[in-house]
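No value in this document is a laboratory result; all are computed from the given coordinates. Computed from a prediction, not measured in an experiment: that's the story for all the values here. Please note: Cβ atoms are built from the backbone with ideal geometry, for glycine as well, and neighbour counts cover all protein chains shown.
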Amino acid sequence: MAILTIKNISKRYPSPDGGVVEVLRVSRFELEAGQEMALAGSSGSGKTTLLHIIAGILQSDGGEVQLDGTNVTALSEGQRDVLRANSLGYVYQTFNLLGGYSALENVMLGMAFGAGPDRGFAKLLLTRLGLENRMNHRPHQLSVGQQQRVALARALANRPKLVLADEPTGNLDPESAQEALGLIRSMCQETGAALLLVSHDPRILEQFEHVQDFDVLNRAGGLLK
């Protein structure tokens, strides 16, 4: 059963010369419940735009995104926020942690828009990720790898059915990148979440059984007059 189905999604932006640039045109894409898949593609090709549309952060110009049986593209902004909080986790390349809050508070804030803060589960996630002695540390007191783990815990805090990971190892050294990938995959498998991971790193991509070439998937035409 598909947890994610995309049909005829498109996105365009105005160009400086008065034309229109088409950055995204995906006819069909599916991800099964619990499946792991990597999206491989060149930098700036529109992969992040697609993830933002799936997550309801950005609206498409046409087409449909079905997430766990709900048409994301037909929802209001508030409804998209609720769906994202309850069904989807997002691991950003830049982590997007709130500097004034501890690791534990960052995870609990991620729960606030879902079923509500669950301190016990937040602490369990951080402990599973090796941060039992760093829960009260703020982001600037953590290493880059530790910040990445907090971001992962936050993405999993509401027990999502789908986790989106946008170049999650891009800011890490090779050893830390492998460790982070292992944690993301193991935690998704443990919670039963499907994983859609974006990367251009061959060392990361070769570890996935299912790899989709985004430059093939995306049929955007570029500059349109």
For the stretch 104-130, pairs from a residue that is assigned to a helix (DSSP H, G or I) to a residue that is buried (at least 16 other Cβ atoms within 10 Å of the Cβ) and among the basic types (Lys, Arg), with Cβ under 8 Å and 6 or more apart or across chains, are Leu104/Lys123; Asn106/Arg154; Val107/Arg154; Leu109/Arg154; Gly110/Arg154; Leu126/Arg134; Leu126/Arg149
What are the pairs, 6+ residues apart or on separate chains, where a residue within the stretch 10-24 that is more than 15 Å from Ser60 (Cα to Cα) and in contact (Cβ under 8 Å) with a residue 24 or more places away in the chain has its Cβ under 8 Å from a residue that is among the charged types (D, E, K, R) and part of a loop (DSSP other than H, G, I, E, B)? Gly19/Lys225
Within the stretch 154-173, which residues are touching a residue at least 24 places away in the same chain (Cβ under 8 Å) and either of a type in the set (Asp, Glu) or in contact with a His (Cβ under 8 Å, 6 or more places away or on another chain) (or both)? Asp166, Glu167
Looking only at the stretch 162-207, how many residues end up being under 23 Å from Leu131 (Cβ atoms) and outside any strand (DSSP E or B)? 28
Say we look at the stretch 25-63 and pick out the residues that are free of Cβ contacts under 8 Å to residues at least 40 places away in the same chain and polar (S, T, N, Q); which of these is farthest from Pro168 (Cα to Cα)? Gln59
Subset of the stretch 174-208 [of a type outside the set (Lys, Arg), closer than 17 Å to Gln93 by Cα and touching a residue at least 60 places away in the same chain (Cβ under 8 Å)]: Ile184, Leu195, Leu196, Leu197, Val198, Ser199, His200, Ile204, Leu205
